[in-house]
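The values are calculated or read from the model by the stated rules, or taken from the named source; none is laboratory data. Note that the structure is predicted; figures quoted are calculated from it, not measured. Cβ placement follows ideal geometry from the backbone for every residue including glycine, while neighbour counts extend to all protein chains displayed. What goes into the accessible areas is simple: the full protein's heavy atoms, side chains included, and nothing from ligands, DNA or RNA. Shrake-Rupley method; radii C 1.70, N 1.55, O 1.52, S 1.80 Å.
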Amino acid sequence: MSAASYPIPAGPARTEMVVRGSRFIAHAIPTPTVEDARAAIAATRAAMPDATHHCYAYLIGYGASTIAGMSDDGEPAGSAGRPMMAVLRGANLGDITVIVTRYFGGTLLGIGGLVRAYSDATRAVLAIVPRTERIIYQRMIIQLAYPDYAAIRRLLEANDAVIVAESFAADIAITADLPANQAATIAQQIGECSAGRARIEPVTAMV
């Protein structure tokens, strides 16, 4: 994994465990935005409306730019969301929401029992969630002359750039998303390829 990518879930996962009669159903769901996390939580509530609790923890982004959220959803304070978040932070994943739904089985587990149950359920679903990487891109606008177009287009394609738009007027403007960890090198290659004629303007970092 490079500095311009980070690990994320490749798809959802689900597992279930029973602790002293209570069912704990854990879902791990890819959620690249806070809105996606909230939608996943709402969908889980709607799918299992008769459950006793829907506790959750989510991490959007990765590293220093992470947005985090958690909830005990009526369990005693600190017995669900916080231990779930502790496990999630140790899992080396971004853009993920874990929801643990509990169906009460009639036996009180106590604070310690709840902490263990929610931690174990979170750990279990994270152990089976498939993983991939999210690549961070840098958007560039490249102004170039017509004679340089074919060579620069080939160069961009060879470096896994995503062509967003092209405009053809007196000169050509290509808007492209470059893998952020290669953007400086690609810009240098474009300069060499065009003998300094191409002008490159960064727009914004994106994922």
_Positive-pole candidate from Ile99, Ala77, Asn181, dipole of the range 72-195, charges at beta carbon_ = Ala77
*Using the Kirkwood formula over every pair of different C-alpha atoms, what hydrodynamic radius in Å results for the chain?*
19.5
*Packing-wise, with mean Cβ within 10 Å as the measure, how do 167-174, 16-23 rank, highest first?*
16-23, 167-174
*How many times 2.2 N^0.38 Å is the alpha carbon radius of gyration of the range 117-168?*
2.12
*How would you order 105-113, 93-101 from highest to lowest mean count of nearby Cβ atoms within 10 Å?*
93-101, 105-113
*Using +1 on the beta carbon of Lys and Arg, -1 on that of Asp and Glu, and nothing else charged, what's the dipole of the range 103-207 about the Cα centre, debye to 20?*
400
_Computing the accessible area with a 1.4 Å probe over protein heavy atoms, can you report the carbon and sulfur percentage for the chain?_
55
*Tell me, what is the percent relative contact order of the chain, built from C-alpha pairs under 8 Å that lie six or more residues apart?*
25
*Once amide H atoms are built 1.01 Å from N in the peptide plane, which residues 5 or more positions from Asp72, or in another chain, come under 5 Å H to H?*
Gly81
*Between the range 162-180 and the range 77-140, the Cα center-to-center distance that results, in Å*: 41
*Work through the residues other than Gly81 whose Cβ is under 11 Å from its Cβ and net out their charges, Lys, Arg +1 and Asp, Glu -1.*
-2
*Note down the magnitude of the dipole of the chain about its Cα centre, charges +1 on Lys and Arg C-beta and -1 on Asp and Glu C-beta and zero elsewhere, to the nearest 20 debye.*
640
